[in-house]
Amino acid sequence: MLLVDDHIVVREGVRRLLSVFVESVELLEAGTALEALSIYRSTHPDIVILDLNLPGTGGLELLKRLLIEDPRARVLIFSMHSVTLYVARALQSGAKGYISKGASAEEFVEAIHQVMGGGRYIERELAADLALNVFGSQDPAKSLSARELDIMRLLAKGKSLSAIADTLGVSYKTIANTCTAMKHKLLVQRTSDLIRLAVEMHAS
């Protein structure tokens, strides 16, 4: 089992939880996408428990890379984000499950068992929201790519376009052009409106 989260306190908490609820589990840990890929390649764990909010390469991009490495990879998203857009995009990108960090310990463990056993799991409350708010709507935010969602995540954290370019390892012009495309998709005209939408998306 591989846990990918950049917060040490979260990893320690999950380790303690699993020691109580899951028998004979070997928990490997990574704080970045690069570390996670290296560990996955050498160990091929039964399940990857993946946070979306990673420094640099975000969780959705890492999910894509893991599935390129191993199309059979079982990835459970474990995130602070309960926005249905992220749930839908993670599942569409190949995640086997999604659970928020606000879920109960019992449901978190249930999700792990389901995904490890080859099944799928969506947190019950999120599944209801997903059915109501995403698959039944014409939300333009659904058209955002994984890279665009990463940019929205960083905008919500107060990062400037220059800082986002540095974080993602691309040019400022690339980020600026991507933001222009995102404005068209999200039907806004100003960068300030794009930032407001980013904050709203990550407010949960």
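Bear in mind that the values in this text are calculations on the coordinates, not laboratory data. Treat the numbers as computed from the prediction; the structure is a model and nothing was measured. Please note: Cβ atoms are built from the backbone with ideal geometry, for glycine as well, and neighbour counts cover all protein chains shown.
Cα-based radius of gyration for the range 1-56, normalised by 2.2 N^0.38 Å, reads 1.08.
Find the centroid of the Cα atoms in the range 165-204 and in the range 16-32, then give the distance between the two in whole Å. First find each Cα centre; the distance between them is then 36 Å.
Computed over the Cα atoms of the range 161-204, the ratio of the radius of gyration to the Kirkwood radius (Rg/Rh) comes to 1.00.
When each full DSSP H helix of the chain is screened for a Cα extent of at least 30 Å along its own axis and an average Kyte-Doolittle hydropathy of at least -1.0, none passes.
When the convex hull of its Cα atoms is viewed from all sides, the range 1-103 shows a mean projected area of 6.1 nm².
In terms of packing, defined here as the mean over residues of other Cβ atoms within 10 angstrom, the peptides 20-28, 107-115 line up highest first as 107-115, 20-28. Listed cross-link partners Lys101/Lys173; Lys64/Lys101; Lys101/Lys157; Lys101/Lys159; Lys64/Lys157 are compared with a 28 Å cut-off, the Cα-Cα value being larger for Lys101/Lys173. Taking the chain as the region of interest, what is the percent of Cα-Cα pairs per 10 angstrom bin, listed from the shortest bin to the one with the maximum distance? For the chain, the pair-distance distribution reads 9, 35, 36, 17, 3, 0. If you plug the beta carbon distance of Arg15 and Ala163 into 1/(1 + (r/R0)^6) with R0 = 22 Å, you get a FRET efficiency near 0.10. Relative protection proxy for 163-172, 92-101, 29-38, from highest mean packing down: 92-101, 29-38, 163-172 (other beta-carbon atoms within 10 angstrom).
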